[in-house]
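Sharing a structure with you now.
The values are calculated or read from the model by the stated rules, or taken from the named source; none is laboratory data. Computed from a prediction, not measured in an experiment: that's the story for all the values here. Cβ placement follows ideal geometry from the backbone for every residue including glycine, while neighbour counts extend to all protein chains displayed. Areas reflect the complete protein model, heavy atoms only, side chains present, ligands, DNA and RNA absent. Shrake-Rupley method; radii C 1.70, N 1.55, O 1.52, S 1.80 Å.
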Amino acid sequence: ATHLVDAPESPFVHQGARLALPLHALPIDPVHFQLRKPTLPSSDAVSIQEVCSLLQVSRLEDTRYRIIQMGSGDTCKEMPVSFWRELTEKLSPEHTLLFTGRGRRDEENVATVIRGLRNCVNACGDRLTWSGFVAAVRYAEVLYGVDSMAGHVAGAVGTKCVVVYGGTVGVARFRPEGRDSIVFTNHVPCSPCFQKFGCAAMTCMQGIKPDDLVRLGY
């Protein structure tokens, strides 16, 4: 380590820009930093086939579906199961929905949400590898979710995403950076609070309706 770089404390500087700051110590034309963007490698045939098998189709290019990622791994960043049930009831009559997630809790929540509804596929657990998940997001029309890795994947592969963020961390700092990434949150004076487990009220996420996500997803 030969150089120190001052990192701004402002919650409005995106984390990607902060991580790029050490590169400013190198003789790089500043114009190149304006081209910084998230990216992921292309999906191979094996990864694409994983998704085709789940959706029971032969080609993803000819298939229209949307992804719902309910889980975050941090419960204070998640919306209630009833929220996702209502959203699914609104979308499933017209759209194929692929539910992604990890772990037993996500699997059980998805099973509750899709029970009795058509056009819903549960892809939680080990049904998708990491590369299969990326392929699924890449070919989806829209991804609906919360503050989680899924929104950042959508931003990196150019898929539109509509995600709900709370105010525990800086929304501007940790939002997905894709051009078609939409973050839905309540701008409250106490945000960002940097409380790991949030608060009892979570006003920053109250009042957001499934209709808000449906409207922004078109």
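Please give the helices (runs of 4 or more DSSP H) falling wholly within region 29-140 in which 3 or more residues are out of contact with any Ser or Thr (no Cβ under 7 Å at 6 or more places or on another chain) and in contact (Cβ under 8 Å) with a residue 12 or more places away in the chain.
In region 29-140, 45-55, 81-91, 103-114 are the helices (runs of 4 or more DSSP H) which contain 3 or more residues that are out of contact with any Ser or Thr (no Cβ under 7 Å at 6 or more places or on another chain) and in contact (Cβ under 8 Å) with a residue 12 or more places away in the chain.
How many residues are farther than 16 Å from Asp212 by Cβ and either open to solvent by 10 Å² or more (accessible area, probe 1.4 Å) or of a type in the set (Lys, Arg) (or both) if we restrict to region 79-100?
Final tally of qualifying residues: 5.
If you don't mind, another one. Since His24 meets every condition but one in (1) assigned to a helix (DSSP H, G or I); (2) at pLDDT 95 or above; (3) over 23 Å from the mean Cα position of the chain (by Cα), which condition does it not meet?
With respect to (1) assigned to a helix (DSSP H, G or I); (2) at pLDDT 95 or above; (3) over 23 Å from the mean Cα position of the chain (by Cα), His24 is out only on (2).
Exactly one of these conditions fails for Gly198: (1) more than 16 Å from Gly73 (Cβ to Cβ); (2) open to solvent by less than 20 Å² (accessible area, probe 1.4 Å); (3) not in a helix (DSSP H, G or I). Give me its number.
(1)
Pick out the one residue from Val142, Val153, Val162 that is among the aliphatic types (A, V, I, L, M), within 17 Å of Ser47 (Cα to Cα) and open to solvent by less than 10 Å² (accessible area, probe 1.4 Å).
One residue alone meets the criteria, Val153.
Considering each residue of region 112-169, count those that are out of contact with any strand residue (DSSP E or B) (no Cβ under 6 Å at 6 or more places or on another chain), closer than 16 Å to Ile182 by Cβ and of a type in the set (D, E, K, R), and give that number.
Counting residues in region 112-169 that are out of contact with any strand residue (DSSP E or B) (no Cβ under 6 Å at 6 or more places or on another chain), closer than 16 Å to Ile182 by Cβ and of a type in the set (D, E, K, R) gives 1.
Next question, about the same structure. Please enumerate the residues belonging to region 177-191 that are part of a loop (DSSP other than H, G, I, E, B) and either without any contact (Cβ under 8 Å) to a residue 40 or more places away in the chain or open to solvent by 40 Å² or more (accessible area, probe 1.4 Å) (or both).
Answer for region 177-191, where residues must be part of a loop (DSSP other than H, G, I, E, B) and either without any contact (Cβ under 8 Å) to a residue 40 or more places away in the chain or open to solvent by 40 Å² or more (accessible area, probe 1.4 Å) (or both): Glu177, Arg179, Asp180, Thr185, Asn186, His187, Val188, Pro189, Cys190, Ser191.
Being out of contact with any Leu (no Cβ under 9 Å at 6 or more places or on another chain) and surrounded by fewer than 18 Cβ atoms within 10 Å (Cβ to Cβ) is the filter here; which residues of region 108-126 pass it?
Hits for region 108-126 are Glu108, Ala111, Thr112, Arg115, Gly116, Arg118, Gly125, Asp126.
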